[in-house]
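First up is the structure itself, then whatever we jot down about it.
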Amino acid sequence: MAIGYLQIQARTAQDAIPLGGAQIRVLDDEGNTLYRLVTDESGETQAVALETLDRGFSQSPGFQGEPYANYGVTVEAEGFEPATITEIPIFDGETAVLPVALLPLEQNQEQGENEKTEVGTPAVVSAQDRDQEGTAQTERVLRQVVLPDPITVHLGAPDAYAANVQVPFLDYVKNVASSEIYPTWPEASLKANIYAIMTFALNRVYTEWYPSRGYDFDITNSTAYDQYYVPGHPVYSSISDAVEEVYGEYVRRQGQRAPYFTSFCNGSTVACQGMSQWGTVSLANQGYTPLQILRYYYPGDIGIDRTNIVAGGLSSYPGTPLRRGSTGLDVQTIQSYLNRIRRNYPAIPAITDSAGNFGESTKAAVETFQRIFNLSPDGIVGRATWYKLSSVYTAVTRLAELDSEGTDLGIGTVPPSSVLRQGARGQDVVTLQYLLNVVSRYYNQVPAPAQDGIFGSKTGQSVEAFQRQMGLTADGIVGPRTWQALYDVYLGIGENVPMPGPAEDDVTYTVRAGDSLWLIAQRYGTTVEAIKQANGLTGDALQIGQVLRIPVPARPYVEYIVQAGDSLWLIAQRYGTTVEAIKQANGLVGNELQIGQKLRIPVPG
């Protein structure tokens, strides 16, 4: 009997928070428990072996039946709604990584409804006609080809009453490829299909196919119009590896900027003008390369181009992989991302290399990050790793920002008494938009509106999506029931989500005459051992001019620019802190300040 593998990842808040200690059961197709597992601090289980069919069956278009075995999973975590996932296809020799995004219980809610998901059959066996319409040329286009991060997917046909979800583009491509085809196909076949899938989506974004027609999404998951995206679908190891190798590359014709409209169908039960998915298997077995396969179905002058530009992310890929020995600002950027992410994922080791230098500790941190997020653990930051780092960093820092904003707004526990609708303005609208932003981090079907204090159409769409999620009348009007539901969800998040414990912010310090590790540790409120560990020091000796990374115990702080007439005492009184706390947060020895100097001001609570 052939063997495949299954690994489960339990997380929440768009991968920002791993759920360790979640109780997992792996079930056969009759509901019998095969394994009982518990997630680790990164929210992962080990991969377990499961019986399945020989991979040869999934490489033959004439095979009648399912060339894989189906399994189920249940997930329970304290403070979260339980989840059940069924019809999970397991293939011979493949590791299926199943992402499970759990929803926090509402305030005072003891047990939530069981979130049920059915993964189901890959699209390649579907007999549904594909009537994909599109063009590579249109008057309404973007200036350049960009990676949409995230991409907004409509979970149904264009005019169907269905939710939109926002998905990191890398995760989207892996999901679609895993939902469309079999992971056991030859590598050239997999890559040809991935090129077509990625290019199809980039064409939709570049030509603004749906927004130009009045829709509020980039693409649908209907195979009649676009390509198959299944929320919560497992990603297979061979597909994941292939996507990472070609991520950011796309098909275009010579002399044209636009991504080519790479329509496709299975080529067995459904015929079309574009690429045959099953046909790629035959061509790959004949020795065709991915580009040769694509030219077999599309015009002969097509080639492979790439883009490093990302829309919606923090920064675009620098264009060259970062690896051990690399130096510069890009290295410092990924080091800062990793240092922040490791607060939420403590399995990532501390980076002790100097800022901007990609040494052994940076490589170790990258490898651990890659293992946690289902990337090839080679310790090299290529396109796929760069954009996943950016995506996870955005998720974890946005949560921290929202927590700080909630403190500033003084949300409290009692909802406002106002009734809000489009056109409203003011503080209650700011509160509403803040709550919707928090909710959107956990419910990806609720879009995050701008926090501008104006109840416009985007805020209305977010309200309606939340109301649908909560089973309320989706009228876009925020009355007592909607306010209460928002507060119940918001306060439930505060009660149930395991936020990261005390963290550390790394600051740099240049050793001066008379310094010692003990003095520096006292100045920054840390310990000698913490400084030694952060810098890979084995002894206590220091050299003047030596640059140290100082792990400072994290506390809420604001940035302040010194003005004329300021003193440490005046600034401390203004922010309700102490002179010593400000000096400690900034490594100050004396009381002198300079106009324009930037200070970190620790604030109470």
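The values are calculated or read from the model by the stated rules, or taken from the named source; none is laboratory data. Values in this document were obtained by computation on a predicted structure and should not be read as measured data. All Cβ positions, even for glycine, are placed from backbone atoms using ideal geometry, and neighbour counts span all protein chains on display.
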Given the criterion of a type in the set (Phe, Trp, Tyr) and part of a loop (DSSP other than H, G, I, E, B), identify the matching residue among 228, 250, 195. 228
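Filter the range 142-161 down to residues that are among the aliphatic types (A, V, I, L, M) and part of a strand (DSSP E or B) and give me whichever is surrounded by the fewest Cβ atoms within 10 Å (Cβ to Cβ).
Residues of the range 142-161 among the aliphatic types (A, V, I, L, M): 142, 145-147, 151, 153, 155, 157, 160.
If we keep only those that are part of a strand (DSSP E or B) as well, we get 147, 151, 153.
Numbers: 147: 28, 151: 24, 153: 26.
This residue is 151.
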Working carefully through the options 390, 440, find the one that is at pLDDT 95 or above and among the hydroxyl-bearing types (Ser, Thr, Tyr). 440
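State which residue is surrounded by the fewest Cβ atoms within 10 Å (Cβ to Cβ) when the search covers only the range 42-60 and only residues that are in a loop (DSSP other than H, G, I, E, B) and among the hydrophobic types (A, V, I, L, M, F, W, C).
In this case the residue turns out to be 47.
Identify, from the list 286, 292, the residue that is outside the structural domain of residue 360 (by TED's automatic domain parsing), touching a helix residue (DSSP H, G or I) at 6+ places or on another chain (Cβ under 8 Å) and not aliphatic (A, V, I, L, M).
On the way: 286 fails: touching a helix residue (DSSP H, G or I) at 6+ places or on another chain (Cβ under 8 Å).
It is 292.
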Would you please name the residue that is surrounded by the fewest Cβ atoms within 10 Å (Cβ to Cβ), looking only at residues in the range 414-470 that are under 17 Å from residue 216 (Cα atoms) and of a type in the set (A, V, I, L, M)? 450
Which residues, taken from the range 1-13, are modelled with pLDDT of 95 or more, more than 13 Å from residue 91 (Cβ to Cβ) and not basic (Lys, Arg)? 7, 8, 9, 10, 12, 13
Determine if the range 253-261 includes at least one residue that is surrounded by fewer than 22 Cβ atoms within 10 Å (Cβ to Cβ), outside any loop (DSSP other than H, G, I, E, B) and not assigned by TED's automatic domain parsing to the domain that holds residue 378. yes
Any pair with Cβ under 9 angstrom, 6 or more apart, that starts in the range 591-603 at a residue that is more than 14 Å from residue 569 (Cα to Cα) and ends at one that is of a type in the set (A, V, I, L, M, F, W, C) and in a loop (DSSP other than H, G, I, E, B): 594/562; 595/562; 595/564; 596/562; 597/562; 598/562
Of everything in the range 214-270, what is within 14 Å of residue 135 (Cα to Cα) and either charged (D, E, K, R) or free of Cβ contacts under 8 Å to residues at least 24 places away in the same chain (or both)? Give them in sequence order. 226, 252, 253, 257
Looking at the range 585-605, which of its residues are under 22 Å from residue 549 (Cβ atoms) and either modelled with pLDDT under 75 or assigned by TED's automatic domain parsing to the domain that holds residue 525 (or both)? 587, 589
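Residue by residue through the range 80-134, note down the ones that are in a loop (DSSP other than H, G, I, E, B) and in contact with a strand residue (DSSP E or B) (Cβ under 6 Å, 6 or more places away or on another chain). Give the steps one after another, and end with the answer.
Going residue by residue through the range 80-134, those that are in a loop (DSSP other than H, G, I, E, B) are 81-82, 91-94, 102-103, 105-114, 119-122, 126-134.
Of everything in the range 80-134, those that are in a loop (DSSP other than H, G, I, E, B) and in contact with a strand residue (DSSP E or B) (Cβ under 6 Å, 6 or more places away or on another chain) turn out to be 81, 82, 91, 92, 94, 102, 114, 119, 120, 130.
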Is one or more of the residues making up the range 88-98 surrounded by 22 or more Cβ atoms within 10 Å (Cβ to Cβ) and more than 24 Å from residue 27 (Cα to Cα)? no
